There are 2 protein chains.
Amino acid sequence: MRVIDFCMVGILLLLSGWTSSALAVAVGHNALAKQAAFYFDPLPDKAPSIDLIDNFEEKVILGQRLFFDPRLSLSQTVSCHSCHNLATGGADGLSVSVGHGGQTGARNSPTVFNSVLQIAQFWDGRARDLVEQVGGPIVSSIEMASTDPLVCAVLSSMPEYVAEFGAAFPQRKKPICFSTTKLALAAYVSTLLTPDSPFDRYLQGDEHALNEDQQAGLQQFIALGCVQCHTSVNVGGNSYYRFGAAHEPEPRYRPAEDVGRSAVMDMVTQAYVFKVPTLRNVELTAPYFHAGGAWTLSEAIKVMGWTQLDKKLSAKQCKHLEVFLHSLTGKLPQLQVPKLPAATERTPRPQ
Amino acid sequence: MRVIDFCMVGILLLLSGWTSSALAVAVGHNALAKQAAFYFDPLPDKAPSIDLIDNFEEKVILGQRLFFDPRLSLSQTVSCHSCHNLATGGADGLSVSVGHGGQTGARNSPTVFNSVLQIAQFWDGRARDLVEQVGGPIVSSIEMASTDPLVCAVLSSMPEYVAEFGAAFPQRKKPICFSTTKLALAAYVSTLLTPDSPFDRYLQGDEHALNEDQQAGLQQFIALGCVQCHTSVNVGGNSYYRFGAAHEPEPRYRPAEDVGRSAVMDMVTQAYVFKVPTLRNVELTAPYFHAGGAWTLSEAIKVMGWTQLDKKLSAKQCKHLEVFLHSLTGKLPQLQVPKLPAATERTPRPQ
């Protein structure tokens with residue numbers, strides 16, 4: 001289902017006077033499955049359109065090496081994998097990540113899993129796609145602190161990388177550059193999908209894939225209105241909303257100084273608007289929210305109920321929602337640790 | 001070949017008046033292969049005696065997770081894999097590693113690959129075996145900065161770990177403790193062998209596995225006396241020698257304050273004595289020496305020639321030795337990124 005469809009549905013629901021409570025009546029398996037199919041799509045095995053990319057396999061193999069290579073950072077201690085640890089849900093388990101020289105940023109590391117299916121990248125959506133996104137942390141002074149020429153010097157110093165860039169970008173006169181580095185990284189990240197979660201199997205017709213509590217949670221998720229933001233294939237990641245739509249969140253959840261999309265769009269109306277995060281694999285990626293202020297799912301659920309939906313959720317509602325969210329944990333792809341090329345005499349040293 | 005055998009051979013060579021130059025005459029394939037077989041053994045596919053360990057497979061699976069889990073550190077940002085990066089030869093490519101809060105130690109991170117086959121662990125051999133070694137960095141205040149109780153609290157908070165420790169240590173009343181954590185980690189690390197290098201294939205009878213330059217390098221390696229320390233299955237790792245046996249190394253190679261084994265054994269005669277490092281996969285693990293002071297293999301070779309063997313090696317000798325060392329790069333095992341258990345409400349938070 002595309003965003004536009006959902007918006008139209010939302011408008012129709014409002015016009016027809018339906019409220020979320022009208023949806024809260026107990027529904028049978030079939031009715032619930034139908035509702036779910038209306039709001040969500042199962043995760044695909046691979047991202048759309050990647051078949052159109054030339055030498056995609058070569059780009060992925062190269063991109064995987066780059067993703068794990070700390071030599072893309074100035075100190076040669078920080079790789080993409082440092083903060084997007086594939087062993088811990090594609091994030092790092094910290095409120096905010098630790099980058100160059102121990103510096104910390106203001107935002108929680110979002111998962112890389114299924115990120116290709118989002119409407120845009122970063123919490124404020126300032127990067128249109130993965131290709132635009134992956135370069136950001138590499139040159140950010142508080143993250144990997146490298147530069148375009150330094151990245152090229154590092155990669156050009158290793159014959160194995162020279163050969164792999166050549167294979168991945170055979171049309172280019174100079175296969176190694178910052179732009180091709182980003183393309184290869186984006187190609188790899190686009191393969192990091194986690195299909196076949198219990199929820200996906202439920203959407204595909206297996207009504208036993210969710211247990212009773214999880215089905216109750218799904219029903220609440222729809223009825224309470226969580227689905228207004230967390231919808232579509234990524235159960236989020238496809239729209240922007242104000243954090244604090246109903247009530248102002250506490251500062252530990254929404255620090256005053258991080259104004260979200262208003263800094264990107266230069267529009268006051270966008271203050272505290274953030275991209276709705278995906279909820280896929282959410283049980284693996286605590287702490288939650290853009291500043292990593294909520295350490296448990298139950299805390300995050302309660303906060304969302306109040307700040308976004310104007311509802312004080314009961315313990316039972318929270319529990320049902322939480323067990324439903326556990327059903328969004330998919331199957332991780334086979335993740336190999338790559339063998340990185342050996343440094344040479346020409347490889348710039350860590351600083 | 002065991003250490004004791006080598007020592008006896010060394011004594012016999014000395015008694016018979018042989019010098020390294022006597023070995024330096026050009027030898028044919030067969031003669032060189034025979035010499036090599038005398039000094040070295042091919043890497044095995046698995047470590048000896050592991051079949052005797054109960055529930056070894058379960059311990060390895062658990063140990064692999066622990067190896068990658070940053071939650072074993074106080075800040076939850078440092079895992080074993082941070083400094084023993086399996087993508088970069090089992091080390092970290094830095095002179096000295098960066099640990100808790102950005103602190104650095106005094107020694108270069110040694111590779112974990114093939115470490116089980118060493119005579120002892122750490123540069124100064126202060127840990128008898130891997131089980132004794134793996135606990136050290138976890139509780140070192142400048143490395144992972146955790147404690148025995150904190151490690152147990154973290155692991156006990158995650159039901160998946162509870163189940164895995166139970167499966168790996170079914171005889172234990174309390175399967176999760178620091179001791180079992182070390183046993184599981186050691187079991188995993190003991191599987192990190194890199195057999196089937198060109199040199200191994202040469203030792204196994206394939207005379208074409210080394211090219212001419214590499215064979216010339218091997219011949220030099222034996223004739224010059226490198227083999228006096230770098231011998232046996234790990235081409236090192238099975239004895240202790242003074243760094244500076246012939247000439248004092250420059251301070252950047254041997255900082256005055258790190259006295260090596262004399263700190264461990266409380267014996268002045270052990271000053272600047274260190275465990276001889278393995279040379280397996282050495283091309284992947286720059287920088288070199290215990291303080292990481294030499295950034296390239298050619299530099300390290302030159303320094304070794306002078307400080308250990310009292311020889312100013314020619315450019316040609318260095319080149320031959322270097323290409324021979326490249327033949328020690330083995331096949332890495334299939335290295336999966338594990339899926340780590342999700343934190344729970346009871347999991348202690350990073351500090």
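The values are calculated or read from the model by the stated rules, or taken from the named source; none is laboratory data. A quick note: this is a predicted structure, and the numbers were derived from the prediction, not measured. As a convention, Cβ positions derive from the backbone with ideal geometry for all residues, glycine included, and neighbour counts pool all protein chains shown. Accessible surface areas use protein heavy atoms only, side chains included; no ligands, DNA or RNA. Shrake-Rupley method; radii C 1.70, N 1.55, O 1.52, S 1.80 Å.
Restricting B:Ala24, B:Ala87, B:Ala33, B:Ala37 to residues that are modelled with pLDDT under 95 and within 28 Å of B:Leu203 (Cβ to Cβ) narrows the list to B:Ala24.
Within region B:73-92, being more than 8 Å from every other protein chain (Cβ to nearest Cβ), touching a residue at least 24 places away in the same chain (Cβ under 8 Å) and within 18 Å of B:Leu332 (Cα to Cα) holds for B:Cys80, B:Cys83, B:His84, B:Gly90, B:Ala91. Listed by position, the helices (runs of 4 or more DSSP H) enclosed by region B:154-243 that each have at least 3 residues that are more than 27 Å from the chain's Cα centre (by Cα) are B:159-168. Against the criterion of being open to solvent by less than 30 Å² (accessible area, probe 1.4 Å), modelled with pLDDT of 95 or more, more than 30 Å from A:Lys339 (Cα to Cα) and outside the structural domain of A:Val264 (by TED's automatic domain parsing), A:Gly217 does not qualify.
Just need a number here: residues in region A:296-351 that are of a type in the set (S, T, N, Q) and in a helix (DSSP H, G or I).
So in region A:296-351, the residues of a type in the set (S, T, N, Q) come out as A:296, A:298, A:307-308, A:314, A:317, A:327, A:329, A:334, A:336, A:344, A:347, A:351.
Cutting the leftovers down to in a helix (DSSP H, G or I) gives us A:298, A:307-308, A:317.
Residues flagged as of a type in the set (S, T, N, Q) and in a helix (DSSP H, G or I) within region A:296-351 amount to 4.
Given the condition small (Gly, Ala, Ser), buried (at least 17 other Cβ atoms within 10 Å of the Cβ) and away from chain B (no Cβ under 14 Å), answer yes or no: does some residue in region A:321-328 qualify? Checking region A:321-328: not a single residue is small (Gly, Ala, Ser), buried (at least 17 other Cβ atoms within 10 Å of the Cβ) and away from chain B (no Cβ under 14 Å).
Table: residues versus (1) farther than 25 Å from A:Glu164 by Cβ; (2) among the aliphatic types (A, V, I, L, M); (3) outside the structural domain of A:Asp69 (by TED's automatic domain parsing).
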{"site": "A:Lys312", "(1), (2), (3)": "yes, no, yes"}
{"site": "A:Ala315", "(1), (2), (3)": "yes, yes, yes"}
{"site": "A:Gln336", "(1), (2), (3)": "no, no, yes"}
{"site": "A:Lys339", "(1), (2), (3)": "no, no, yes"}
{"site": "A:Thr344", "(1), (2), (3)": "no, no, yes"}
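Across region B:341-351, the number of residues qualifying as open to solvent by less than 40 Å² (accessible area, probe 1.4 Å) and either at pLDDT below 95 or touching a Leu at 6+ places or on another chain (Cβ under 8 Å) (or both) comes to 3. In the condition set (1) surrounded by 21 or more Cβ atoms within 10 Å (Cβ to Cβ); (2) touching a helix residue (DSSP H, G or I) at 6+ places or on another chain (Cβ under 7 Å), A:Thr194 is compliant with all but (2).
Picking from residues in region B:98-111 that are more than 7 Å from chain A (Cβ to nearest Cβ), open to solvent by 20 Å² or more (accessible area, probe 1.4 Å) and not aliphatic (A, V, I, L, M), the one that is nearest to A:His81 (Cα to Cα) is B:His100.
Within region B:126-133, can one find any residue that is among the small types (Gly, Ala, Ser) and closer than 15 Å to B:Ser115 by Cα?
Our first condition is that a residue be among the small types (Gly, Ala, Ser); within region B:126-133, this holds for B:127.
In the following step, the residues that additionally are closer than 15 Å to B:Ser115 by Cα were identified as B:127.
Checked region B:126-133: at least one residue is among the small types (Gly, Ala, Ser) and closer than 15 Å to B:Ser115 by Cα.
Can you find, within region A:302-320, the residue that is most open to solvent (accessible area, probe 1.4 Å) among those that are free of Cβ contacts under 8 Å to residues at least 24 places away in the same chain and not charged (D, E, K, R)? Explain how you work it out, then say what you get.
First pass over region A:302-320, keeping only residues free of Cβ contacts under 8 Å to residues at least 24 places away in the same chain: A:302, A:312, A:314-316, A:318.
Filter again for not charged (D, E, K, R), leaving A:314-315, A:318.
Working: A:Ser314: 49, A:Ala315: 85, A:Cys318: 8 Å².
Going through the qualifying residues, I end up with A:Ala315.
For region A:279-301, a residue qualifies if it is open to solvent by 10 Å² or more (accessible area, probe 1.4 Å), under 15 Å from A:Phe324 (Cβ atoms) and away from chain B (no Cβ under 12 Å), and the qualifying residues are A:Leu279, A:Ile301.
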